[in-house]
Amino acid sequence: MKKNGLGTGVMYVMLVLLLVGLVFLVFFNYRANKEQNDAIQAAIEALNATPTPTPTATPAPTAEPDRNTQNVTLSFAGDIIGQAGLTTEAQRTENDTTIYDFTDELSGVRAAVESADLAACTLVSTLTSSGTYDAYQMPRSMADGLRNAGFDLVNAATDHLLDRGLTGLVETVDTLRNTGLGVLGAYSTEGSRSLPMAEKNGMKIAFLSYTYGTAGTGAQPVSVAENPWCIDLLTTDYMTEKQTIDYEKIDADIAAVKDAGADIVVCFVYWWDSAQYYTEPRQSQTELAQYLFENGVDVLIGGGVKVPQPIQVQVVERSDGTKANCVACYSLSNLMSCFNDNYTNISAVVDIQLSRDTESNEVWISSVAAKPLFMVDTSDYEGYTGPMFRYRVLDAREAIGMYEQSQGGPLSSGAYEAARQGVEDLMGLLGNEYDAANGGTALQFPY
């Protein structure tokens, strides 16, 4: 009996302890919950006591104001290589007199440049009345052909301008000028050197031109040495290595045209012979281009390469801290030639549009577009049955379109395939983004 009473007492004690623990647990849990609820309530009351700020309306994006602008289009074509085949093609007989008419050979160019305010090409030849025409010597009537094709300016600073000595240079420069063409990079009398500047729609456009050297044939090295005023040379070692750039002369020329108020500076460079037949610019080319851009040139037109090289557009920070859109056309290839090596018969007219804000008077390059040309030699294609000629510069896409519509026009089936492939190759080398058929490339401004 005592054993059972003890067990019962222990159970009572344990029950009492359990009840006490439960009371304490409920109390502390209540206290914790109350403190937490009080904190939450206090936070809510504090939040309600703080005025809610009125939301600020997000301003609508301000549209770029429409600019009142005036535009100028500059068109640049490639090199005219003075070769005997081109002169033979131009030969005619009128009243028992031999004449040379290049109108038909250049017929495909006019449409590509006729809308330009100024159009320019490079002449790699002398123009003489000697009657003997071979490599790099053409009849003076070529000047008429260029003028009739729509050109306003001719870059004459090339490595073959002095092949017939100083006399040939003088006759060439005077012939071009007498035809109404502006001449770049060459001069017919001592003291006549000038840096041409054109003014269109309130914009002043300056033109510089340099050749890496001269070809080293005939009497011309003596002519340059004794008459350094006759041609603008890029190098100081033009009679030897032809590699040392005459930066002093370039800097002085850029400064002179800037002081004269030039808004845009165009520079023609007839590259070193070491750049020939390369479809990508050499390091020497890109380094010089960068120097020219950083020091004030806006447009670079390269020649002498004989094949196309890329168009490159970049925003350049000048040495004076300003910025500008700059365009390098490293090579537009041969506008006219008798070459038929790979890529040598495809070229382009590149339109570079300039714009001027009529209120701020700011001037910038606003677009770049390339139009393909094809130099066809019908003797290259068997079974040719089209118009009877040998050499023509053709508007490539127009000629391709004529063939595709009726298998007619100036192309045979073989020439059609060559032209079609040529356009594809050309735009691949220049940059498809600059294709005028797709609108070309618009450049950003402000920079």
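Throughout, read-outs are computed from the coordinates displayed, never taken from laboratory work. Here the structure is a predicted model, which means the values were calculated and not measured. All Cβ positions, glycine included, derive from the backbone under ideal geometry; neighbour counts span all protein chains shown.
Separation of region 341-398 and region 97-174 by C-alpha centroid, Å?
17
Pull out the extension gain between Y447 and T132, defined as 0.36 nm times the separation in residues minus the alpha carbon to alpha carbon distance; nm, one decimal.
On the way: separation 315, 0.36 × 315 = 113.40 nm, distance 5.33 nm.
Full-extension gain reported as 108.1 nm.
T167: net charge of surrounding residues, Cβ under 14 Å, Lys/Arg +1, Asp/Glu -1, itself excluded? Don't jump to the answer; show the numbers that get you there.
Details: positive: R140, R164; negative: D163, E171, D174, E226.
Cβ neighbours under 14 Å give a net charge of -2.
At 7 Å along Cα-to-Cβ for each site, give me the label-to-label distance between D273 and R67 in nm.
4.4
Apply the Karplus curve 6.51 cos²θ - 1.76 cosθ + 1.60, θ = phi - 60°, to the phi angles in region 406-423 and return the couplings in whole Hz, x for Gly and Pro.
Per-residue couplings from phi come out as 9, 6, x, x, x, 10, 8, 4, x, 5, 4, 4, 5, 5, 4, 5, x, 4 Hz.
Listed here are the pairs K204/K323; K323/K371; K200/K371; which of them are more than 26 Å apart at the Cα? Numbers along the way, then the final one.
Numbers: K204/K323 18 Å; K323/K371 28 Å; K200/K371 23 Å.
Correct reply: K323/K371.
Taking just the alpha-carbon atoms of region 169-253, what radius of gyration and Dmax come out, in angstrom?
For region 169-253, the Cα radius of gyration and maximum Cα-Cα distance read 14.1, 45 Å.
If you project the alpha carbons of region 71-442 onto the principal axes, what extent comes out on each, in Å, largest first?
60, 47, 36
Work out, in µm²/s and without decimals, the Stokes-Einstein translational diffusion coefficient of region 301-447 at 20 °C, 1.002 mPa s, Rh from Kirkwood over C-alpha pairs.
On the way: Rh = 16.7 Å.
My calculation gives 128 µm²/s for D.
Sorting S412, S347, S75, S209 on the 10 Å Cβ count, fewest up front, what's the list?
Working: S412 20, S347 32, S75 24, S209 29.
Going from least to most buried by this count: S412, S75, S209, S347.
Report Rg/Rh for region 61-128, rounded to two decimals, where Rg is the Cα radius of gyration and Rh the Kirkwood radius.
Details: Rg = 19.9 Å, Rh = 15.6 Å.
For region 61-128, the value is 1.28.
With Cβ to Cβ distances under 13 Å as the rule, what net charge do the other residues near K371 carry (K, R +1; D, E -1)? Walk me through the intermediate numbers first.
On the way: positive: R110, R397; negative: E114, D351, D395, E398, D435.
Residues close to K371 contribute a combined charge of -3.
Residues with beta-carbon under 13 Å from that of A90, excluding A90: net charge, scoring Lys, Arg +1 and Asp, Glu -1? Write out the running numbers ahead of the final one.
Working: positive: R92, R140, R390, R392; negative: E89, E94, D101, D104, E105, D144.
Value of the local net charge: -2.
Report the Cα-based extents of region 402-447 along its three principal axes, largest first, to the nearest Å.
Largest to smallest, the principal-axis extents are 48, 20, 11 Å.
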